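None of the figures in this text is laboratory data; all of them are computed from the coordinates on show. What you are looking at is a predicted structure, and each value in this text was computed from that prediction instead of being measured. Every residue, glycine as well, gets a Cβ built from its backbone with ideal geometry; the counts of neighbours run over all protein chains shown.
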Amino acid sequence: MVIQINKLLTNKKGLFLAYDHGLEHGPIEFNLKNVDPNYILDIALEGHFNGVIMQAGLAEKYHQDYYKDLPLIVKLNGKTTFHSGEPEPALLCSVERAMRLGASGVAYTIYVGSEHQQKMMKEFAKVVEVAHDYGLPVIAFMYPRGAKIPNSYDNDILAYSARMALEMGADMIKIDYNQNIESFKWVVKNAGKCKILVKGGDATDDRSFLQKIYDCMQIGVCGFAIGRQVWKHPKPFSMTKAIQSIVFHNKIVDEAMKFLE
């Protein structure tokens with residue numbers, strides 16, 4: 001079965017809008033606008049994102065006929081901030097259910113270094129097997145967390161995480177960037193043919209964020225899976241255009257900043 005990954009990309013590059021924060025972080029991330037999933041779906045659709053990433057419950061209730069042309073990535077597992085101890089996300093949706101919801105791909109988080117890592121790896125292997133039987137791409141969210149991870153931005157740990165995802169059969173990886181161009185090249189190299197999506201991360205000023213986008217594209221990542229930096233921004237469509245100008249049109253930061261002025 002051919003994995004339909006290129007349908008999610010534009011000239012082998014991608015920009016995805018992430019909106020799994022309600023479960024993972026809680027309403028603390030939201031305001032009266034972005035708490036509404038329709039607001040995020042409007043940004044994703046009208047902003048021409050390559051897809052939106054959300055949990056199955058949101059997909060079932062909000063990704064309706066109006067948004068049918070917007071590729072959907074269903075997040076299969078997750079946890080809340082109430083969970084204590086080593087990270088251990090629960091499997092909340094099957095690949096089959098994701099397909100019934102109209103998914104163009106599925107995503108699954110592995111907390112590298114958690115004492116529950118082996119369980120996640122076994123679960124992920126089954127996800128890959130079933131998804132690939134249907135030609136569905138799989139995105140691995142590779143997040144180093146737990147007592148054995150003193151620094152989640154350590155380059156060797158990030159490279160190990162990327163290699164794990166490749167060898168377990170992921171088609172794309174969502175991973176943190178460690179703000180070091182030269183060392184991150186090793187992370188990209190270890191991912192091999194598995195495409196890298198860099199996560200947006202915590203809020204920062206616009207120029208610094210766009211510099212991160214530019215630097216990562218020079219290294220050779222596939223693209224980005226970004227949430228708060230877009231839908232919490234006072235000008236989400238302007239920020240979207242700024243990011244897209246770098247990712248898809250090879251603009252420099254000064255040129256991209258013009259969209260925000």
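Exposure proxy check: Trp231, Trp186 ranked by fewest other beta carbons within 10 Å? Intermediate values should be presented prior to the final figure.
Details: Trp231 25, Trp186 15.
By the 10 Å Cβ count, ascending: Trp186, Trp231.
Each peptide in 190-202, 243-255 was scored by the mean count of other Cβ atoms within 10 Å over its residues; highest first, the order is 190-202, 243-255. Please compare each pair in Lys185/Lys251; Lys68/Lys185; Lys68/Lys232 to a cut-off of 26 Å on the Cα-Cα distance and tell me which ones are over it. Going by Cα-Cα distance, Lys68/Lys185 fall outside the 26 Å limit. Among the lysines, which fall within straight-line cross-link reach of Lys126, defined as a Cα-Cα distance under 18 Å, with same-chain neighbours fewer than 8 residues apart omitted? Answer for Lys126, where 18 Å is the Cα cut-off: Lys75, listed by chain and number.
When a/c is below 1.5 the answer is rounded, else prolate if a/b is larger than b/c, else oblate, so apply that to segment 6-260 with a ≥ b ≥ c taken from the square roots of the Cα gyration tensor eigenvalues. Rounded is the answer for segment 6-260, as its axis ratio a/c remains below 1.5. The distance linking segment 235-250 with segment 144-194 is 25 Å (Cα centroid to Cα centroid, whole angstrom).
Across q = 0.17, 0.31 Å⁻¹, segment 214-256 modelled as identical point scatterers on its alpha-carbon atoms has Debye log10 I(q)/I(0) values of -0.45, -1.15, in the order of the q list. In summary, the lysines within cross-link reach of Lys12, defined as a Cα separation below 16 angstrom excluding same-chain residues under 8 places away, comprise Lys174, Lys193, Lys195.
With contacts defined as alpha carbon pairs under 8 Å and 6 or more residues apart, what's the relative contact order of the chain in percent?
18 percent
Most simply put, segment 1-139 has about 20% antiparallel DSSP beta bridges, counting only bridges with both residues inside it. Applying 1/(1 + (r/R0)^6) with R0 = 35 Å to the Cβ-Cβ distance of Lys189 and Asn31 gives a FRET efficiency near 0.30.
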